[in-house]
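**Student:** Take this structure, written in structure tokens, and hold onto it; I'll ask about it next.
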Amino acid sequence: MDAKIQVYDDKMTKTMKNLEAEFLTIRAGRANPHVLDKITVDYYGTQTNIQQVANVTVPEARMIQIQPWESSLIKKIEKAILQSDIGINPNNDGKVIRLIFPELTEERRKDLAKDVKKKGEAAKVAVRNIRRDANDALKKLGKSSDVSEDEVKDLEEKVQKMTDSYIKKIDKAVEEKSKEIMTV
């Protein structure tokens, strides 16, 4: 790939990775420890991910078990989970916190599928914005330096093909995640 457009490919790759990370935090009826990825607790004055202060396991298909390394963290972790948007009430027995995932209703599945589509659309917009930035930069390059119009056109075509490729990847990811959510 041409060095002039490599930076835009990197940006599109980051957009795709960000979308995939967001999809991991969407729960689809099964317990997935990634729903805790964005939740942090106050650990000696520092906001720290739950996975870094506790042992997180999935003993059953619809349960996550969180065993803090220090018992003093149980209340803090419980509070952080309650304040998050995962919508599950933690149960604790003084040593371990359990998150039990209820079966998703049809309505909730449809809402999650809509959310997945929205995130997909936002990623597509980001990719198109990167394409626009690339094309603007290429036009400036064509005006200011000794790069020929044909070379600029060629690079613009490569950027368009790259954009189309990422849009297809996003559509495929949205389709797969929606299918996963809608599968009972």
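The values are calculated or read from the model by the stated rules, or taken from the named source; none is laboratory data. What you see is a predicted model, and the numbers here were worked out from it, not measured in a lab. Using ideal geometry, Cβ is built from the backbone for each residue, glycine included, and neighbour counts are taken over all protein chains shown. Side chains included, ligands, DNA and RNA excluded: accessible areas come from the protein's heavy atoms. Shrake-Rupley method; radii C 1.70, N 1.55, O 1.52, S 1.80 Å.
**Student:** Please sort 119-128, 81-90 by packing, taking for each peptide the average over its residues of neighbouring beta carbons within 10 angstrom, highest first.
**Tutor:** Details: 119-128: 17.7, 81-90: 13.9.
Result, highest mean first: 119-128, 81-90.
**Student:** Across bins of 10 angstrom width beginning at 0, how are the C-alpha pair distances of the range 66-140 distributed, in whole percent?
**Tutor:** Pairs per bin, as whole percents: 16, 25, 20, 20, 13, 6, 0.
**Student:** How large is the accessible surface per residue of the range 30-184, computed with a 1.4 Å probe and reported in Å² as a whole number? Let's see the in-between values first.
**Tutor:** Details: 9670 Å² over 155 residues.
Ligands and nucleic acids excluded, the result is 62 Å² per residue.
**Student:** A further question on this structure: Residue-wise, which Karplus ³J(HN,Hα) couplings in Hz belong to the range 72-80, taking 6.51 cos²θ - 1.76 cosθ + 1.60, θ = phi - 60°, and x for glycine or proline?
**Tutor:** So the J values, rounded to whole Hz, are 5, 7, 3, 4, 5, 5, 4, 5, 4.
**Student:** Right, something else. Roughly speaking, what % of Cα-Cα pairs in the range 106-184 are separated by over 16 Å, rounded to a whole number?
**Tutor:** 59 percent
**Student:** If eta is 1.306 mPa s and T is 10 °C, what Stokes-Einstein diffusion coefficient results for the range 54-99, Kirkwood Rh from Cα pairs, in µm²/s? All intermediate terms of the calculation are to be shown ahead of the outcome.
**Tutor:** Details: Rh = 10.6 Å.
Calculated translational D: 149 µm²/s.
**Student:** Over the range 31-105, what percent of the accessible surface lies on carbon and sulfur atoms, probe 1.4 Å?
**Tutor:** Details: 2090 of 4320 Å².
Taking all protein chains in place, the range 31-105 shows 48 percent carbon and sulfur surface.
**Student:** Compute log10 of I(q)/I(0) for the range 34-184 with the Debye formula, placing one identical point scatterer on every Cα and leaving out solvent, at q = 0.09, 0.12 Å⁻¹, to two decimals.
**Tutor:** For the range 34-184 at q = 0.09, 0.12 Å⁻¹, log10 I(q)/I(0) is -0.51, -0.72.
**Student:** Here's something else I'd like to know. What list of ³J(HN,Hα) values in whole Hz, one per residue of the range 49-54 in order, does the Karplus curve 6.51 cos²θ - 1.76 cosθ + 1.60 (θ = phi - 60°) give from phi, with Gly and Pro shown as x?
**Tutor:** 4, 4, 4, 8, 10, 8
**Student:** To continue, here is another question. Please list, ordered by chain and number, the residues whose modelled amide H lies under 5 Å from the amide H of Val58; skip anything fewer than 5 residues away on the same chain.
**Tutor:** Gln65
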